[in-house]
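A short write-up of the structure that comes next.
The values are calculated or read from the model by the stated rules, or taken from the named source; none is laboratory data. Quick caveat, the model's predicted, so the values are computed rather than measured. Note that each Cβ is placed from the backbone with ideal geometry, even for glycine, and that neighbours are counted across all protein chains shown. The protein model used for the area step is the full one, side chains on, heavy atoms only, and it has no ligands, DNA or RNA in it. Shrake-Rupley method; radii C 1.70, N 1.55, O 1.52, S 1.80 Å.
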Amino acid sequence: IRLHPAQFARLTLRRIGYLWLISPTYLVTDQNITEPLYFYGARQGIQTVLLIVASMGGILIYRSNRLFLGMSIWWFVAFTLPYAVSVAGNTRYRLPVEPIMLVLAAAFLNTLIQRIRRTKMCEGGLR
């Protein structure tokens, strides 16, 4: 680390990416790979969508529920940062934060549904 700090930083960022998306180990080896290869691409897509929607939910609840958002961020950092920095990226270390991600994603989807309902009510008049 001392001799190559830039390389350490770059590799740490790569491990963090692997933690939040999916490690491309399946591209390198077929050892312990039991699922079809398309499964990994589908899983990465699902995880990417969940991460984006949860982030948008966090942005939306910032004003209304800062305490929950602060606790969520603490939970993300406390459970994932030690693994992301010290262990090769593996999404199983992300499991403790996935329920929070689902709550944040639900907050975004709820806001979206409420806005669509309000728009339809305004267009159609009061019902």
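Quick notes on this one:
- The label point for T29 and the one for V87, both projected 7 Å from the Cα toward the Cβ, are 1.6 nm apart.
- Here the convex hull built on the C-alpha positions of region 18-63 has a volume of 66 cubic angstrom per residue.
- By accessible area, using a 1.4 Å probe on protein heavy atoms only, the chain has 67% of its surface on carbon and sulfur.
- Once the gyration tensor of the Cα atoms in the chain is diagonalised, the equivalent ellipsoid follows with semi-axes of 35, 20, 12 Å, ordered largest first.
- For the chain, a crude dipole built from +1 on the beta carbon of Lys and Arg and -1 on the beta carbon of Asp and Glu, taken about the Cα centre, is about 500 debye to the nearest 20.
- Cα centroid separation, region 58-114 to region 8-38: 21 Å.
- Think of it as helices only: each DSSP H run of n ≥ 4 in the chain is worth -39500 (n - 2.57), and spread over all residues that comes to -24500 deg cm²/dmol at 222 nm.
- A DSSP coil position with no more than 15 other Cβ atoms inside 10 Å describes the following chymotrypsin sites (Phe, Trp or Tyr not before Pro) in region 1-67: Y62.
- Per residue, the chain exposes 73 Å² of accessible surface when a 1.4 Å probe is rolled over the protein heavy atoms with every protein chain present.
- Added length on full extension, which subtracts the Cα-Cα distance from 0.36 nm per residue, Q44 to L11: 9.9 nm
- By accessible area with a 1.4 Å probe, ligands and nucleic acids excluded, highest first: order of L69, L19, L60: L60, L69, L19
- For E123, the accessible area of its heavy atoms, probed at 1.4 Å with every protein chain present, is near 150 square angstrom.
- Taking Cβ atoms as reference points and 15 Å as the exclusive limit, the residues near P24 contribute a net charge of +1, counting Lys and Arg as +1 and Asp and Glu as -1.
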